[in-house]
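Visitor: Here it is, the structure, as structure tokens.
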Amino acid sequence: MGPVYPELVEFAGLIEETLRIEEEAFRSEPSTPGTERLSACFSTNPTRIDGADAFRLYDTFGLSQSS
């Protein structure tokens with residue numbers, strides 16, 4: 001995307017550092033709004049999460065099957 005958005009190339013180091021900091025912060029928090037929402041989903045049905053909740057957990061909170 002560099003040819004179209006040259007600022008991505010120009011600020012690549014800053015972008016990478018910002019992403020690293022955000023990822024570390026996300027992983028280090030023991031209780032996040034996403035894990036709280038996941039617990040709420042399981043409290044209503046401990047064996048299944050409906051599609052809308054699964055999408056919200058992924059899209060809004062970044063949780064996925066491998067998280």
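Visitor: Quick one: with all protein chains in place, what share of the accessible area of the chain is carbon or sulfur, to the nearest percent (1.4 Å probe)?
Guide: After summing per-atom areas, the C and S share lands at 58 percent.
Visitor: May I pose another question? I'd like the FRET efficiency for R20 and I49, computed as 1/(1 + (r/R0)^6) with the beta carbon distance as r and R0 of 25 Å, rounded to 0.05. It would help to have the intermediate numbers written out before the result.
Guide: Working: r = 30 Å, r/R0 = 1.19.
FRET efficiency, R20 to I49: 0.25.
Visitor: While we're on this one: Between the helical axis of 12-28 and the dominant principal axis of the chain, each derived from Cα atoms, what acute angle in degrees is found, rounded to the nearest 10?
Guide: With rounding to tens, the tilt is 20 degrees.
Visitor: Per DSSP H run of at least 4 residues, take -39500 (n - 2.57); add these up for the chain, divide by its residues and hand me the 222 nm value, nearest 500 deg cm²/dmol. Numbers along the way, then the final one.
Guide: Numbers: 4 runs with 43 residues, N = 67.
Mean residue ellipticity, 222 nm, calculated: -19500 deg cm²/dmol.
Visitor: Pairing the Cα long axis of helix 33-44 with the longest principal axis of the chain, what angle in degrees results, from 0 to 90 and rounded to the nearest 10?
Guide: That helix lies at roughly 20 degrees to the long axis.
Visitor: What share of Cα pairs, in percent, lie more than 20 angstrom apart in the chain?
Guide: Numbers: 1037 of 2211 pairs.
Percent of Cα pairs beyond 20 Å in the chain: 47.
The values are calculated or read from the model by the stated rules, or taken from the named source; none is laboratory data. Treat the numbers as computed from the prediction; the structure is a model and nothing was measured. Glycine gets a Cβ as well: all are built from the backbone with ideal geometry, and neighbour counts include every protein chain shown. We work out accessible area using only protein heavy atoms, side chains counted, and drop any ligands, DNA or RNA first. Shrake-Rupley method; radii C 1.70, N 1.55, O 1.52, S 1.80 Å.
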